[in-house]
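Trainee: This is the structure, below, for whatever I ask next.
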Amino acid sequence: MSKQFTKKDIRRLSYRWSWNRSLAWNYEKMMTAGYMTTMLPVIDKLYQDDPEGRKKAFETHSVFFNCEPNLTNIILGMDIAIEEEMGAEGLETVAGIKASLMGPFAGIGDTLFTSVLATIFGSIAVTTALEGSYFGIILWEIWLFFVMFGLRPYLMQLGYTQGIKLVTTLSGKLNQITQAASVLGIMVVGSMVASLVKVNFGTLTIMGTEFDLQTKLFDAIMPKFGAVLVVALCYWVLGKIGMKSSRLILMIMALAILCSFLGVLVP
C-alpha cells in the first residue's frame, strides 16, 4: 500500500502533538486528550468512508495514555503507519503498542531529555549567565527550537517509516537502554551538584575554641559534602505530601538566610 502521508503531513502532526499534548491534561487520563486530538486528521483521512472504524478509532485513542512527550512521537508515527496499513483491524495492535511502550519510553525519555540533556544545557546556561555571558541562554533556546522543529518531527517520521518493524528491533533492548540512560542521568546530576551547588560552612566557637566546620569536619568526611547534604534534603522534602518546588525554594532561601546570620554558613 502506498503511503498516504507525506513528510510535510508528519511534520505538521508532530507540531500538532507539541501543541495539543498538555492542553487538556488531567489526572484521570493525563495525555489522552492530547493524543486523540493529534490523531484527528489521521482518523478523518483513513476512516472517512468507514463510520464503524472511525468510532473504534476514537474508542481506542480514548484510553489512558501518558508518556515522555518527545519519544511519544515515535509511538504516534508507528500508530499512523499501522492504521494506514491495516485500518480498523490494526487498532488492537495499536492499543497494545501504546500500552507496552509508554512505560519504557517514559523511563528512557525522562532520563535522557530531562535528567541528562536538559541538565547539561541548563548547567551551561546557568554557568555562563553567572559569568555575565549570554551564550548559555542562546544555546538553551537553540536546543529547545531544535527539539521542537528538528528532533520531534524526525522521531515521528522514524516511527512512521519503520512502523511495526521498530518494535521488533527494540524488543529485548528497552530495559538495557533505560538502565544505561538512568546511570548516565545520575552521573550528570551528580556532576551538576558538585559544580553548581555551593555550600560553605562557617566557624563555630565552642567554649572559647574556634572550630572550622568546613575544613575540620565536612571536608574530612567528603569534599562537597554540604552540597550533597542540601540536595539530598531537597529530594527527601519534595516527597512529602503538600510540598511544592516553589515552597521548597522559599524554605531553602529562608534557611540559608538564618544559617548565614548565625554564622553556620559563609559566602
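Trainee: Name the residues whose placed amide hydrogens come within less than 5 Å of the amide hydrogen of F65, ignoring near sequence neighbours (fewer than 5 apart) on the same chain.
Mentor: Result for F65 returns M31, T32.
Trainee: Using a 10 angstrom Cβ neighbour count of at most 16 plus a DSSP loop assignment to flag exposed GluC sites (Glu not before Pro), which longest range of the chain is free of such sites?
Mentor: Longest site-free region, per DSSP loop and neighbour criteria: 132-267.
Trainee: Report, in listed order, any pair from K29/K56; K55/K98; K98/K240 with a Cα-Cα distance greater than 28 Å. Please list the in-between numbers first.
Mentor: On the way: K29/K56 18 Å; K55/K98 18 Å; K98/K240 31 Å.
Violating the 28 Å Cα-Cα cut-off are K98/K240.
Trainee: Quick one: dipole size for the chain, taken about the Cα centre, charges +1 on Lys/Arg Cβ and -1 on Asp/Glu Cβ, in debye to the nearest 20.
Mentor: In debye, rounded to 20, the chain gives about 240.
Trainee: Mind listing the long-range amide H neighbours of L265? Cut-off is under 5 Å, sequence gap 5 or more, other chains count too, H placed in the peptide plane at 1.01 Å from N.
Mentor: G202, S260
Trainee: I've got another one for you. Any chance you could check the Cα centroid distance between the range 75-117 and the range 30-52 for me, in angstrom?
Mentor: Spelled out, the Cα-based centre of one part sits 15 Å from the other.
Trainee: What number, rounded to the nearest 500 deg cm²/dmol, is the helix-based mean residue ellipticity at 222 nm of the chain, given -39500 (n - 2.57) per DSSP H run of at least four residues and division by all its residues?
Mentor: -21000 deg cm²/dmol
Trainee: While we're here: Measure nothing but the geometry: give the 0 to 90° angle between the long axis through the Cα atoms of 51-60 and the longest principal axis through the Cα atoms of the chain, rounded to 10°.
Mentor: Result, in degrees: 20.
Trainee: Rounded if a/c is under 1.5, else prolate if a/b beats b/c, else oblate: with a ≥ b ≥ c from the C-alpha gyration tensor eigenvalues square-rooted, which is the range 15-62?
Mentor: Working: a/c = 4.69, a/b = 1.67, b/c = 2.80.
Oblate, since a/c reaches 1.5 and b/c is not below a/b.
Trainee: Which option, [x] -0.64, -0.76; [y] -0.56, -0.66; [z] -0.76, -0.85, is the value of log10 I(q)/I(0) by the Debye sum over Cα atoms at q = 0.11, 0.12 Å⁻¹ that was calculated from these coordinates?
Mentor: Structure-derived value, by its label: [z].
Bear in mind these aren't lab numbers, they're just calculated from the coordinates by the rules spelled out. What you are looking at is a predicted structure, and each value in this text was computed from that prediction instead of being measured. With ideal geometry, Cβ positions are generated from the backbone for all residues, glycine too; neighbour counts draw on all protein chains shown.
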